[in-house]
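Reading through the structure tokens given below for one structure.
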């Protein structure tokens with residue numbers, strides 16, 4: 001099976017712009033989680049989607065949003081970019097055969113966002 | 001208090017030694033626990049998952065869970081230079097809500 005894919009792999013934006021990142025989960029996986037990783041803050045949870053619904057949300061401002069499509073692919077959007085948004089954005093997919101529960105998350109390669 | 005705490009290290013061990021990585025978590029509703037390894041510039045990759053109290057072994061890796069003490073550990077036996085990486089501990093609640101520790105940087109010296 002192909003792994004989690006993320007596009008683009010690298011992005012350079014300027015302050016005030018917006019950006020959209022894409023994540024395709026492992027085939028058959030229904031849950032997609034997004035994380036921001038920076039050297040200072042580590043890996044921080046942004047949000048999680050299951051069956052096109054956001055089930056969990058981390059402590060990030062409303063400039064960060066996401067969505068999930070019927071084929072489980074997910075996008076996240078960051079509006080009005082700030083310098084502090086420079087980070088590695090990772091998505092992870094999991095199978096979650098049931099409605100809830102816990103499941104192993106598998107990470108994609110990440111998108112490296114640089115805000116100038 | 002952070003939800004998942006790890007010693008940031010760096011932890012340095014000689015090749016062939018046992019590396020011991022520790023993690024504590026504050027949320028008693030966490031049900032599942034994971035160890036990921038992350039090489040510099042790469043994304044995290046899963047090493048072990050553990051759900052029940054006790055030990056779980058997989059090759060050179062042993063995960064230990066003590067829910068009463070809210071403590072998770074990872075032992076790496078016969079450490080190799082290729083094990084040099086940052087190790088992330090994660091605690092997962094229901095509904096796939098997962099929180100990560102800051103990671104422990106491990107260096108295995110030849």
* Rg/Rh for the range A:49-115, where both radii come from Cα atoms and Rh is the Kirkwood radius -> 0.98
* Structure fact -> Expressed as a whole number, the average count of other chain Cβ atoms within 10 Å around the Cβ atoms of B:26-34 is 1
* Asked: Taking the highest mean first, how do the peptides A:27-38, B:73-84, B:23-34 order by number of other beta carbon atoms within 10 angstrom per residue?
  -> A:27-38, B:23-34, B:73-84
* What length, rounded to one decimal in nm, is gained on full extension from residue A:71 through to residue A:104, with 0.36 nm per residue of separation minus their alpha-carbon distance? -> 9.9 nm
* Asked: Based on the mean of other beta carbon atoms within 10 Å per residue, what is the order of B:92-102, A:85-95, most packed first?
  -> A:85-95, B:92-102
* Asked: Hey, in the GNM for chain B with a 10 angstrom Cα cutoff, which one of B:42, B:56, B:67 fluctuates hardest?
  -> B:42
* To do: Report the paramagnetic label zone for residue A:79: residues of the range A:1-44 whose backbone N is under 14 Å from a point 7 Å from Cα along the Cα-to-Cβ axis.
  => A:16-20
* Structure fact -> Kirkwood-based Rg/Rh on the Cα set of the protein assembly as shown evaluates to 0.97
* **Exercise: per-residue mean of other protein chain Cβ atoms within 10 Å, B:95-105** => 6
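No value in this document is a laboratory result; all are computed from the given coordinates. Keep in mind that this is a model prediction, so the values were computed, not measured. In this analysis, Cβ positions are derived from the backbone assuming ideal geometry, glycine residues included, and neighbour counts consider all displayed protein chains.
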